[in-house]
Amino acid sequence: MSRTGTRRHGLDNSGLIPILARKVREVEAKAATGKKVGPTNRTKFQVIAFLVREEHQRIKSDQTLTDRDRNEQIKRLDGVAQILAKTAARDTSLIALLEVDHATSPVAQKMRRDWLLESGADVAPDDLIITTEKTKPEATLAPELAEKQVLPVSVKARLRSNPFLAPVYESHATQAPVVRLASWELLGPLFKSFETGAGGGSACMPMPPVPRYDRYSPKPLELMPHQIQFIESVRTGHRTFLLADEPGLGKTAQSLLAASVAGAFPLLAIVPNVVKMNWAREVEQWIPGRRATVIHGDGADVDAFADVFVVNYEVLDRHLGWIAQMGFKGMVVDEAHFIKNLGSQRSKHVLALAKEIVDNAPDHNPLRIALTGTPLINDIDDFRAIWMFLGWIDGDRPSAELLRRLESTGTTPADKEFYPAAREAVIDMGIVRRRKIDVAKDLPAKRVVDLPVELDDEFGASIRAAEAELAKRLLTRFERLSTNTSFRGSTRDLIRAVAQQEIDESKNQSAGENIFTMVRKIGQAKAGLASDYAAQLARSVGKVVFFAKHIDVMDAAERAFAAQGLEFVSIRGDQSTPARQQAIDAFNNDERVSVAVCSLTAAGVGVNLQASSNVVLAELSWTSAEQTQAIDRVHRIGQEMPVTAWRIIAAQTLDGKIAELIDNKQGLAARALEGEAFDPTSQDSVQLEALIDILTRAIDAR
């Protein structure tokens, strides 16, 4: 709000200063009644403060004034400023209006213009026209980012079909009255409060009671009480959360059902590559009436009319332009510690999108959830980016809401009572942290959680091509045998015969592609993703047992752990007994050792690794017994924690079918041990049934 014109000056009752003096007395009289100053006088107060600053600068730079005249006018302005200060002391809500950069409304602009004209000032032409509607700001991207931007065809259709996605431009930043803490730097003490102010208390906001009935989970699924409490807090109106539950406590399901309760669709989920396929599967499971779309590469296959958009950090920079225009009503950042470095492009992209979503939301309060079991990696300052994403801090200052909570403590950083109170104030903004041990009674003693991952590199493409070639070979053999009149049996018998012949030949095959080499390649392709996930777990919950079937997969995992600075031990078949026991003891007793990298066959029996309650199965076994034996290295007598086995599954490959068959075998084995009858044909090997499935699908697709 600049003014380029000049003004007649003098020391009589003409000019702007007498007008300001008269107006400030009017506001002072209203404040003296003891009641809150109303909207009209609040606007007057704001315009007076603005013009006092502006007039002060004009007088200081006016070369036509004598020193005596200049000093006299500044003295009169200071008198107006003193009355402003006294008035604000009576009604502290006026203090926020003294901010130099406080936005002014069209009403305030008009009031300023009219007072200037009354004073005889020469008002700049631009100030004579009051704009009541703000122009839509143009989103700008750095040139290197602008070149990367893509616009999928379906997104164009979505944007054309939704004229109501226009952003909301009304200001939503409200400043809290600052009295006690006005001169304090607060972020340092806030971070310090999490180091010194805990007092043993849990870092979890007060949660609502668990309702008598679970109204949220779709049949046949069932939520655990701690999950229902989180969803209830959303239902009652809370909208920003740092959900820091330990891995295995269902943070993804909680986020999706929270979005459903809050009506926060479309929802944007920014996630690591290793879990983006799992997000799509969780949408299907927990909110089956909603559609998810996973953004790959340039987004050619994105469904722009979906309810949940899942994008991984690595490709986000290509999609910033259209994502900002989609009108998202909620945003989830998974593994939010990935944005801890504010200087990284990843953090800048996420925070910029969060600002767009907040600005465009009708109430400027969309659902925002930061998910991480590891909110702190290096030091307390790692909180900064997450708090900025959630709107709890603005740069180096607390948000208006957090500042209000800090003011209400009645303390300052000079008081030792400030730190536990400040910590509690931040936690109440939406920090939710539950550990396995806190909810152990609600968890099964042992469970297997599948984590589908996408092999979207050239390695994955080669695996899918090899599977297609195998299907083609099986189909050719099937068609040839089906024309052989000497074969007597059903189509099912013929399919089984073809699959068995393939297995027999593969066992004697020294070169070429077969089901065994394919499974090994899948394990190699998953090695990086599986080790990344194990590293995340190790940082989140402590010790992790990593199982692989092949030596090259173990080697790749160990290189990854070393590169990430994680100490590990290795348990392999070629170790001597003393060396193996030394590795086991180090894992169980040395706090510095985070991961045990184990051979699925060599470490599956006679090994006690119960210092951990988390297992990563990087490769699948051919038998359910091997998988069970591996998990039971952790799930043993003396284990006080529920055990979670994270099974890494390569989506859209043979891996998924093998996992399904292993689970079926486990169920059959249990029924057999319980004396129940079962179909004897189900005793076929997993390899055989996997080949039968490949051939059956190839026949159906002819």
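In µm²/s, what is D for the range 314-465 at 37 °C and 0.692 mPa s, where D = kT/(6 pi eta Rh) by Stokes-Einstein and Rh is the Kirkwood radius from Cα pairs?
Details: Rh = 18.4 Å.
Approximately 178 µm²/s, per Stokes-Einstein.
In the chain, which longest range has no chymotrypsin sites (Phe, Trp or Tyr not before Pro) that are both DSSP loop (not H, G, I, E or B) and surrounded by at most 16 other Cβ atoms within 10 Å?
Numbers: sites that count: Y169, W184, Y213, F305, F487, F678.
In short, 488-677.
On a 28 Å Cα-Cα criterion, which of the cross-link pairs K251/K416; K219/K543; K156/K355 come out too long? If you can, show how the numbers build up before the last one.
Details: K251/K416 35 Å; K219/K543 34 Å; K156/K355 22 Å.
The pairs that break the limit, which is 28 Å between Cα atoms, are K251/K416; K219/K543.
Restricted to Cα positions, what overall size does the range 517-681 have along the principal axes? Three whole-Å values, descending.
49, 36, 32
How about the range 560-642: which trypsin sites (Lys or Arg not before Pro) there lie in a loop by DSSP and see at most 16 other Cβ atoms within 10 Å?
Numbers: sites: R572, R580, R592, R633, R636; in loops: R572, R592, R633, R636.
Those that pass, being in a loop and sparsely packed, are R572, R592, R636.
Please list the non-local residues whose amide H lies under 5 Å from the amide H of V544, H modeled 1.01 Å from N, same-chain partners needing a gap of 5 or more.
Those lying under 5 Å, H to H, from V544 are V595, A596.
With a/c under 1.5 counting as rounded, go ahead and sort the chain into rounded, prolate or oblate using the C-alpha gyration tensor (a ≥ b ≥ c being the square roots of the eigenvalues; past the cut-off, prolate if a/b is larger than b/c, else oblate). It would help to have the intermediate numbers written out before the result.
Working: a/c = 3.01, a/b = 2.20, b/c = 1.37.
Prolate shape, in that a/c is at least 1.5 and a/b is the bigger ratio.
If you take every DSSP beta bridge fully contained in the chain, what fraction is antiparallel? Give it as a percent rounded to 5.
Values: 2 of 51 bridges.
Here the antiparallel bridges make up roughly 5 percent for the chain.
Work out how far the C-alpha atoms of the range 16-128 reach from end to end along every principal axis, then list the three figures in whole Å, largest first.
44, 31, 24
What is the Cα convex hull volume of the range 185-442 when expressed per residue in Å³? Could the numbers behind the result be given before it?
Values: hull volume 33.6 nm³, N = 258.
Roughly 130 Å³ of hull volume per residue.
Counting only DSSP beta bridges with both residues in the range 185-442, tell me the antiparallel percent, nearest 5.
10
Run the numbers on the chain and let me know its relative contact order in percent, using alpha-carbon pairs under 8 Å that are six or more apart. Don't skip to the answer; put the middle values down first.
Working: 1044 pairs, mean separation 83.6, N = 702.
Once divided by the residue count of the chain, the mean separation gives 12 percent.
Test of the criteria: in the range 544-596, which GluC sites (Glu not before Pro) are in a DSSP loop and have at most 10 other Cβ atoms within 10 angstrom of their Cβ? Walk me through the intermediate numbers first.
Values: sites: E558, E567, E591; in loops: E591.
For GluC sites (Glu not before Pro) across the range 544-596 that sit outside H, G, I, E and B with at most 10 neighbouring Cβ atoms in 10 Å, the list reads E591.
Can you give the extra length, in nm with one decimal, that the chain gains between R572 and N608 once fully stretched, where that is 0.36 nm per residue apart less the Cα-Cα distance?
Numbers: separation 36, 0.36 × 36 = 12.96 nm, distance 1.42 nm.
Between R572 and N608, full extension yields 11.5 nm more.
Need one number: convex hull volume per residue for the range 308-366, Cα atoms only, in Å³. Walk me through the numbers before you get to the answer.
Details: hull volume 5.0 nm³, N = 59.
In the range 308-366, the Cα hull volume divided by residue count equals 84 Å³.
Between the DSSP loop rule and a limit of at most 13 other Cβ atoms within 10 Å, which GluC sites (Glu not before Pro) in the range 387-423 are left?
On the way: sites: E401, E407, E417; in loops: E417.
Taking the range 387-423 and a limit of 13 other Cβ atoms within 10 Å, the loop GluC sites (Glu not before Pro) found are E417.
Values in this text are rule-based calculations from the coordinates and carry no lab data. These figures come from a predicted structure and were not determined experimentally. All Cβ positions, glycine included, derive from the backbone under ideal geometry; neighbour counts span all protein chains shown.
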